[in-house]
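The values are calculated or read from the model by the stated rules, or taken from the named source; none is laboratory data. What you are looking at is a predicted structure, and each value in this text was computed from that prediction instead of being measured. Virtual Cβ from ideal backbone geometry, glycine too; neighbours counted across all protein chains shown. Keep in mind that these areas ignore ligands, DNA and RNA; they rest on the heavy atoms of the full protein, side chains included. Shrake-Rupley method; radii C 1.70, N 1.55, O 1.52, S 1.80 Å.
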Amino acid sequence: MNDFFIASNRPVKVGELSVHQLQMHNFDEWSGAAQVIKDFLNNHPDETAQMIFDAHSFESTQLIAHCLQHSIEQVVDLFKKEGELNILLLDAVIKVNDAFFTEPKPKHRDDVDPRKKSSWFDVFQLLASNGHSHESIMQLSYGAFRHYLKAAQKAERIKMRNLAIATRAQNAINKKFNEFIKSLEKEQ
């Protein structure tokens with residue numbers, strides 16, 4: 001899915017049903033089932049939606065229910081009415097939420113002091129310091145959340161780079177420093 005699809009938080013249609021992107025506000029409700037499917041996909045990259053559903057029918061049904069914004073009972077009733085619907089829906093769920101299912105494993109360092117490890121609040125603070133509110137973050141799809149997080153991290157790296165350049169320029173010859181300041185004031 002492209003950036004505008006993710007940013008606009010659009011669903012896709014499977015017949016008359018709308019398959020929605022997974023949302024941050026209920027991350028704790030869907031992430032367990034999604035992680036099981038993600039792990040299966042990582043270990044079996046060539047598997048089809050049918051094989052995933054056969055191996056993890058409970059998690060698949062739970063995830064489909066979240067993306068349809070239905071109860072599990074409603075989804076089971078849908079499956080009873082139409083035999084192959086579960087496979088079509090699971091395939092759509094995985095495609096619509098590609099940002100979660102294709103996200104690489106985080107690089108954890110074992111030597112990091114557990115008291116210094118990041119939490120969700122650290123991530124939210126980074127987004128908040130870049131103009132997002134808590135409420136807006138919670139309403140983001142997981143894909144939009146990941147994209148905004150990457151953009152905020154990029155902005156922070158650029159700020160740090162510019163600060164380092166400015167610090168170094170302070171120690172430069174006065175003429176060079178003035179040139180540097182003028183270059184910062186120019187419109188890009």
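Are any of the residues in the stretch 57-67 in a helix (DSSP H, G or I), within 28 Å of Ala7 (Cβ to Cβ) and touching a Cys at 6+ places or on another chain (Cβ under 9 Å)? Before you say what the answer is, go through the steps one by one.
Going through the stretch 57-67, the residues in a helix (DSSP H, G or I) turn out to be 57-67.
From the residues that got through so far, the ones that are within 28 Å of Ala7 (Cβ to Cβ) too are 59-60, 62-67.
Filter once more, keeping what is touching a Cys at 6+ places or on another chain (Cβ under 9 Å): none.
Checked against the condition, which is being in a helix (DSSP H, G or I), within 28 Å of Ala7 (Cβ to Cβ) and touching a Cys at 6+ places or on another chain (Cβ under 9 Å), the stretch 57-67 yields no hits at all.
Given the options Asn26, Asn42, name the one that is open to solvent by less than 40 Å² (accessible area, probe 1.4 Å), within 22 Å of Arg146 (Cα to Cα) and assigned to a helix (DSSP H, G or I). On inspection, the qualifying residue turns out to be Asn26. If only residues of the stretch 120-140 that are of a type outside the set (A, V, I, L, M) and touching a His at 6+ places or on another chain (Cβ under 8 Å) are counted, the one that is modelled with the lowest pLDDT is Phe124. Number of residues in the stretch 66-77 that are among the β-branched types (Val, Ile, Thr) and buried (at least 20 other Cβ atoms within 10 Å of the Cβ) equals 1.
Taking the criterion of being open to solvent by 60 Å² or more (accessible area, probe 1.4 Å) and among the aliphatic types (A, V, I, L, M), the only residue of the stretch 45-65 that qualifies is Met51.
For the structure I just gave you, tell me whether Phe4 is open to solvent by 60 Å² or more (accessible area, probe 1.4 Å), among the aromatic types (Phe, Trp, Tyr) and under 19 Å from Phe145 (Cα atoms).
Working: open to solvent by 60 Å² or more (accessible area, probe 1.4 Å): yes; among the aromatic types (Phe, Trp, Tyr): yes; under 19 Å from Phe145 (Cα atoms): yes.
Yes, satisfied.
Right, Lys186: modelled with pLDDT under 95 and out of contact with any helix residue (DSSP H, G or I) (no Cβ under 9 Å at 6 or more places or on another chain) or not?
Answer is yes for this residue.
Scanning the stretch 1-23 for residues that are over 14 Å from the mean Cα position of the chain (by Cα) and part of a strand (DSSP E or B) yields Val12, Lys13, Val14, Leu17, Ser18, Val19.
Filter the stretch 152-167 down to residues that are more than 28 Å from the chain's Cα centre (by Cα) and exposed (fewer than 11 other Cβ atoms within 10 Å of the Cβ) and give me whichever is modelled with the highest pLDDT. Checked the stretch 152-167; the qualifying residue modelled with the highest pLDDT is Leu163.
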